[in-house]
């Protein structure tokens, strides 16, 4: 057994891990250095952890991992929520909807979803998104629940690939919670009206 060689390897390993005691700080550093990739905290921590929290090695791993793929593109066409702008009563289910487009030149890969990334989480945290062909659009809808506290609440949502990379326009949920809010009623009436029209058409 070569004790000197084992000791050298141990010292090299310790040296490569210098400065890794503050993992939260390393995550922020990696996100800052790879700002163009819109790396989220979970993905940054994953690449750091697989490289013994060595910042330089994590950057190299991410670049090697990401090079074969082009980041998808997404454009928010409009907020198509029924009753948009109306207040919501506390602790009430409501639906948010958006129309989005694949504004890139390649079909979206499988595994893409719309992810709650920050702000108030109103129940659901992610919804699956179908692969879209270039220039194709789709309607995304999510059922949320308003907070118990009155006032203005907001949350930020982002499109995310299966390997945790954010892309495309930011999608905001901004609602006013008020005891006399009418959004939920408006949406229920719209749904009943739609169902009634469907019955008449049949």
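Just so it is clear, none of the values below were taken in a lab; they were calculated from the coordinates. Since we're looking at a predicted model, the values are computed, not measured. Neighbour counts run over all protein chains shown; Cβ positions are idealised from the backbone, glycine included.
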FRET E, pair residue 25, residue 118, Förster distance 25 Å, beta-carbon r, rounded to 0.05: 0.85
Tell me, how many Å apart are the Cα centres for the stretch 73-107 and for the stretch 122-169? 8
Per-residue Cβ neighbour rank within 10 angstrom, fewest leading, 62, 166: 166, 62
